[in-house]
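Colleague: Starting off with a structure, shown below.
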Amino acid sequence: MGAIEASGGVLEGQVHLAALTQALAAVEQELPRLEAWGAHLATVLGGGGRLLAAGNGGSAAQAEHLAAELLGRYRTNRKPLSGLALGTEGAALTAIDNDFGPDDVFTRQVEAHGRPGDVFVALSTSGRSSNVLAAVATARGAGMTTWGLTGAGPNPLAGACDDAICVPSQSTATVQEVHQVLIHLLCAALDRALAAG
């Protein structure tokens with residue numbers, strides 16, 4: 001039983017859930033920001049623009065999840081929207097890394113796929129991922145809107161993006177779990193904006 005207990009006899013799961021509950025309560029104040037992001041996305045995507053998203057590891061999986069919600073649907077049927085996760089093409093990633101270096105694995109894709117007015121969503125639990133920061137700089141240079149989902153701020157990514165939501169936790173797992181909730185809330189806000197539009 002000791003292997004599943006934390007210090008003081010508290011179950012590890014209880015500590016994990018308490019941290020998650022605290023972080024979720026802290027980001028509740030971001031709901032108006034997410035509504036504004038959803039309204040902006042409705043204009044961009046409804047007008048034929050694109051959302052590009054990128055992150056590393058678990059954040060790459062969340063970028064892919066966000067793109068899938070746009071291409072498929074979140075809750076209600078609607079036309080497919082253009083969402084591209086930049087970490088999904090293994091051949092492209094390894095070729096770019098080999099030829100240009102790891103900091104350019106996303107920048108080359110942003111240059112190829114991003115257009116002025118498109119949206120780039122950057123995910124990083126630390127807010128310090130050099131390849132994500134480089135992609136934000138490239139996206140901004142291309143005239144794209146940049147949003148960050150990060151861990152505790154201030155951090156370089158939050159400062160580099162046009163707007164950002166920082167999850168106040170030092171736990172990577174907690175930050176990723178809250179990011180998933182934020183992605184779903186953004187999708188819901190987008191769908192509401194499209195329906196009202």
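Colleague: What pairs come up if the first residue lies in the stretch 68-79 and is hydroxyl-bearing (Ser, Thr, Tyr) and at pLDDT 95 or above, the second is assigned to a helix (DSSP H, G or I) and surrounded by 10 or more Cβ atoms within 10 Å (Cβ to Cβ), and their beta carbons are under 9 Å apart, counting only those six or more places apart or on different chains?
Modeller: So the pair list comes out as Tyr74/His184; Tyr74/Cys187; Tyr74/Ala188; Tyr74/Leu190; Tyr74/Asp191.
Colleague: Which one of the conditions (1) of a type in the set (A, V, I, L, M, F, W, C); (2) in contact (Cβ under 8 Å) with a residue 24 or more places away in the chain; (3) under 17 Å from Glu177 (Cα atoms) does Val44 fail to meet, given that it meets all the rest?
Modeller: Failing condition for Val44: (3).
Colleague: Something else about it: Sort through Arg115, Arg140, Arg128 and tell me the only one that's at pLDDT 95 or above, part of a helix (DSSP H, G or I) and not hydrophobic (A, V, I, L, M, F, W, C).
Modeller: Arg140
Colleague: Val121: under 14 Å from Ala54 (Cβ atoms) and either at pLDDT 95 or above or of a type outside the set (Ser, Thr, Tyr) (or both), yes or no?
Modeller: Numbers: under 14 Å from Ala54 (Cβ atoms): yes; either at pLDDT 95 or above or of a type outside the set (Ser, Thr, Tyr) (or both): yes.
Spelling it out, Val121 is indeed under 14 Å from Ala54 (Cβ atoms) and either at pLDDT 95 or above or of a type outside the set (Ser, Thr, Tyr) (or both).
Colleague: If I filter the stretch 183-192 for residues that are among the acidic types (Asp, Glu), surrounded by fewer than 24 Cβ atoms within 10 Å (Cβ to Cβ) and part of a helix (DSSP H, G or I), do I get at least one hit?
Modeller: yes
Colleague: If you don't mind, there's one more thing I want to ask. Can you find a residue that is part of a loop (DSSP other than H, G, I, E, B) and at pLDDT below 95 anywhere in the stretch 88-103?
Modeller: Yes, the conditions are met somewhere in the stretch 88-103.
Colleague: For the stretch 152-164: of the residues being surrounded by 17 or more Cβ atoms within 10 Å (Cβ to Cβ) and more than 11 Å from the chain's Cα centre (by Cα), which is nearest to Ala36 (Cα to Cα)?
Modeller: This residue is Cys161.
Colleague: Would you check which residues across the stretch 39-74 are farther than 18 Å from Ala139 by Cα, more than 10 Å from the chain's Cα centre (by Cα) and part of a helix (DSSP H, G or I) and list them?
Modeller: Ala39, Ala42, Thr43, Gly46, Gly58, Ala68, Glu69, Leu70, Leu71, listed by residue number.
Colleague: Can you name the condition, by its number, that Ala122 falls short on among (1) surrounded by fewer than 21 Cβ atoms within 10 Å (Cβ to Cβ); (2) touching a Leu at 6+ places or on another chain (Cβ under 9 Å); (3) small (Gly, Ala, Ser); (4) not in a helix (DSSP H, G or I)?
Modeller: (1)
Colleague: Can you tell me which residue is surrounded by the fewest Cβ atoms within 10 Å (Cβ to Cβ) among those in the stretch 1-30 that are acidic (Asp, Glu) and at pLDDT 95 or above?
Modeller: Taking the stretch 1-30 as the starting set, the residues that turn out to be acidic (Asp, Glu) are 5, 12, 28, 30.
Add one more test, that the residue is at pLDDT 95 or above, and what stays is 28, 30.
On the way: Glu28: 7, Glu30: 17.
Once the filter is applied, the top-ranked residue is Glu28.
The values are calculated or read from the model by the stated rules, or taken from the named source; none is laboratory data. All of these numbers come straight from a predicted model, not from anything done at the bench. Note: ideal-geometry Cβ built from the backbone for every residue, glycine included; neighbour counts use all protein chains shown.
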